[in-house]
Amino acid sequence: MRKLSSIFICLAICTMSLYVSCTSLAGTSSGTEAKMAGVIVDDKGAPAPHSIVRLVLDSFDPVNGIQNDTLLDTTDEQGAYSIPDVDAGTYNVEIVNPTTGANGLVRNVVVDKKDVMLPQAVITKPGTVRVSILTAVDTANGYFFIKGTNIAKRIHDPNVVFIDSVPAGTMPALFYTLRKSESDPISVCPSFEVKSQDTALILFGGWTFTRKITLNTSATGADVVENFTKFPVLVRLNSTNFDFSQASKNGADILFTGKNDRRLPFEIERWDSAAGLAEIWVNVDTVFGNNATQFINMFWGNPRAVSASNSETVFDTANNYLAVWHFNQAATDTVKDATADHYSGIPHAVSAASESQSLIGQAKRFDGVSSYIAMPGTANSRLNLPEKGIYSISAWVNMDTLDGQMHILASKGNNQFNLQVMYSYNTWEFAECMAAGGYTMVSSPASTHVWALVMGVRNGDKQYIYVNGICTDSTITTGNPTFIRSTGDDFTIGKRTDALDSYFKGQMDEVRVSNCAYAPGYAKLCYMNQKKPDALVQFK
């Protein structure tokens with residue numbers, strides 16, 4: 001983690017290269033004008049002929065100001081230049097060699113005498129400034145400029161601006177302004193360092209802290225080879241990787257960016273600064289397989305920021321999510337669906353799991369006798385999935401016991417589809433009921449007293465069950481031919497709506513339904529990211 005120090009925050013990720021800084025110039029006589037002269041050399045100390053030398057007042061605004069084009073010269077074969085008739089004032093000296101592209105900047109030259117000679121100045125290959133924009137800007141009239149130079153760049157992208165050919169060394173202040181604006185420019189960074197042939201990062205918007213979060217999908221991390229787009233990455237914060245005292249209340253100033261500085265949608269599931277714990281879902285544009293170097297950026301420390309947490313942009317219905325229940329509400333509160341479908345649930349005798357027992361924020365405990373969550377009005381909703389359709393259903397579960405009884409994890413009635421523990425077999429089972437009668441089922445041995453991610457996937461005639469990211473069964477078995485498919489039941493968690501038994505006993509978290517058939521790599525990435533310890537997210 002790094003602290004960014006300026007009013008509108010600057011982070012330079014490079015070291016200082018060669019430059020010259022002057023506070024005054026000795027002369028031979030008094031007057032209001034001076035003749036300024038000097039010599040320019042390259043980084044090997046050889047003369048730099050045909051270099052253009054220009055004087056710029058240190059207060060100059062290149063966007064709305066007018067440059068005095070008479071204060072310039074071109075160096076001779078010995079690299080020498082001479083500029084007459086320089087009024088008293090403080091200048092910066094811009095130097096560029098059009099042939100080699102090398103340039104330089106001599107700062108804070110105070111002119112108050114005649115016939116002054118500058119120290120020898122060195123020009124080098126320039127660097128680049130990347131401005132990461134974390135606040136609203138005007139892309140029609142907005143510019144970033146370096147005060148006291150002719151360097152200015154119009155803003156076309158609302159997320160990032162690259163300013164090329166910036167001289168290496170300590171730069172004057174960077175400002176944001178509007179073309180033909182009468183308002184004062186906004187200071188972005190009072191000064192910053194640029195390294196030759198490297199990139200300096202500057203943040204614009206008021207954030208104080210930033211850090212990279214690595215997403216490791218290589219064999220040393222999540223061990224996933226496929227790429228996945230718009231993947232909701234779980235980021236867990238605690239007192240060992242984050243200082244909660246630096247952030248605003250409830251994490252209102254948290255912000256994430258990804259590739260090309262694009263802001264990423266995110267949802268804060270829990271923020272408990274007193275306990276030093278938080279869980280945040282970040283919708284990452286692409287998680288690349290077998291990659292140990294990809295990262296996202298997290299920002300915080302902006303008391304003026306307004307929270308951008310929004311579950312519906314993370315679990316977007318356009319990205320196949322039908323319902324997502326985090327169980328992050330109090331035990332008696334409505335169990336909210338994180339998607340825009342708003343299939344919220346009514347809890348019955350459900351309690352909150354203890355912090356030591358929970359997996360992702362707050363889990364729910366079901367007593368096996370009367371606990372369940374009902375989603376009223378969902379019988380004919382988008383959760384009414386077709387027979388042999390394309391969908392996935394998953395839940396994190398921690399069973400208290402395997403007692404030979406039926407335990408429902410999630411269900412849309414006994415005669416449509418269920419994710420469950422099957423009677424005396426003591427197996428996880430994903431079952432779908434057929435209109436012609438009977439069930440199609442895939443199953444896998446169940447476990448107790450340990451968290452397991454159970455996912456059922458239907459893909460037309462194919463059916464799979466994944467446990468902890470591994471496909472444990474894809475061989476469909478059939479049974480109970482007298483049961484005929486019916487779609488009239490609401491969705492429930494913890495029991496079936498049409499049964500007086502089958503109550504789940506244990507803890508449950510993060511129940512999801514999606515109208516797509518998730519691939520094996522997706523199931524594994526979910527497990528590797530959401531389990532404890534997380535194998536995907538690394539704080540380096």
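Report D87's accessible area, 1.4 Å probe, all protein chains in place, as a number in Å² to the nearest 10.
Here the residue's solvent-accessible area equals roughly 80 Å².
By how many degrees, between 0 and 90 and to the nearest 10, does the Cα long axis of helix 520-530 differ from the longest principal axis of the chain?
With both axes taken from Cα atoms, the answer is about 70 degrees.
Across every pair of different alpha-carbon atoms, what Kirkwood hydrodynamic radius in Å does the range 219-329 reach?
Working: mean 1/r = 0.0667 Å⁻¹.
For the range 219-329, the Kirkwood estimate is 15.0 Å.
Under 1.5 on a/c is rounded, so check that first for the range 74-113, then, if it is not, pick prolate when a/b is larger than b/c and oblate when it is not; a ≥ b ≥ c are the square roots of the alpha carbon gyration tensor eigenvalues.
oblate
What are the chymotrypsin sites (Phe, Trp or Tyr not before Pro) within the range 105-172 that DSSP puts in a loop, where the Cβ has at most 14 other Cβ atoms within 10 Å?
On the way: sites: Y143, F144, F145, F162; in loops: none.
When the chymotrypsin sites (Phe, Trp or Tyr not before Pro) of the range 105-172 are filtered for loop state and at most 14 Cβ neighbours within 10 Å, nothing remains.
Which one, [x] 4, 16, 21, 17, 12, 10, 8, 6, 4, 1, 0, 0; [y] 3, 9, 9, 8, 8, 7, 5, 5, 5, 5, 4, 4, 4, 4, 3, 3, 3, 3, 2, 1, 1, 0, 0, 0, 0; [z] 3, 15, 23, 24, 19, 11, 5, 2, 0, 0, gives P(r) over Cα pairs in 10 Å bins from 0, in percent as derived from the coordinates shown?
Matching entry in [x] 4, 16, 21, 17, 12, 10, 8, 6, 4, 1, 0, 0; [y] 3, 9, 9, 8, 8, 7, 5, 5, 5, 5, 4, 4, 4, 4, 3, 3, 3, 3, 2, 1, 1, 0, 0, 0, 0; [z] 3, 15, 23, 24, 19, 11, 5, 2, 0, 0: [x].
Roll a 1.4 Å probe over the protein chains and send me the accessible area per residue for the chain in Å².
Numbers: 22140 Å² over 540 residues.
So the chain comes to 41 Å² accessible per residue, rounded to a whole number.
Any number yet on Rg/Rh for the range 378-512, C-alpha, Kirkwood?
Reported Rg/Rh (Cα atoms, Kirkwood Rh): 0.92.
Using the Karplus curve 6.51 cos²θ - 1.76 cosθ + 1.60 with θ = phi - 60°, what ³J(HN,Hα) values do you get for each residue of the range 134-140, in whole Hz, with x for Gly and Pro?
Values per residue, Gly and Pro as x: 10, 8, 6, 9, 8, 7, 8 Hz.
Summarise the accessible area of the range 181-258 (1.4 Å probe, protein heavy atoms) by the percent that is carbon and sulfur.
Looking at the range 181-258 in its full context, I get 44 percent from C and S.
At a 1.4 Å probe, what is the % contribution of carbon and sulfur to the accessible area of the range 371-518?
51 percent
How much length, in nm to one decimal, is gained on full extension between K259 and Q357, taken as 0.36 nm per residue of separation minus their Cα-Cα distance?
Result for the pair: 31.7 nm of gain on full extension.
Calculate the translational D of the range 209-256 in whole µm² s⁻¹ from Stokes-Einstein, where the hydrodynamic radius comes from the Kirkwood formula applied to all Cα pairs, the temperature is 10 °C and the viscosity 1.306 mPa s.
The estimated diffusion coefficient comes to 119 µm²/s.
Compare the Cα positions of M406, V166, T487 along the charge dipole of the chain (+1 at Cβ of Lys, Arg; -1 at Cβ of Asp, Glu; about the Cα centre) and return the one farthest towards the positive end.
Ranked along the dipole, the leading option is M406.
Only loop residues by DSSP count here, and only those with at most 12 other Cβ atoms within 10 Å; note down the trypsin sites (Lys or Arg not before Pro) in the range 178-281 that meet that.
Details: sites: R179, K180, K195, R211, K212, K230, R236, K249, K259, R262, R263, R270; in loops: R179, K180, K195, R262.
Sites meeting the loop and neighbour criteria: K180.
Which value in deg cm²/dmol, rounded to the nearest 500, describes the helix-derived mean residue ellipticity at 222 nm for the chain, given -39,500 (n - 2.57) per DSSP H run of n ≥ 4 and division by the residue count?
-500 deg cm²/dmol
Got a sec? Which residues in the range 45-88 would a label at R154 touch, if it sits 7 Å along Cα→Cβ and we count backbone N under 17 Å?
It comes to 62-65, nothing else.
The values are calculated or read from the model by the stated rules, or taken from the named source; none is laboratory data. Given the structure is predicted, the values throughout are model-derived calculations rather than measurements. Methodologically, a virtual Cβ is constructed for each residue, glycine included, from the backbone with ideal geometry; neighbour enumeration extends over all protein chains shown. What goes into the accessible areas is simple: the full protein's heavy atoms, side chains included, and nothing from ligands, DNA or RNA. Shrake-Rupley method; radii C 1.70, N 1.55, O 1.52, S 1.80 Å.
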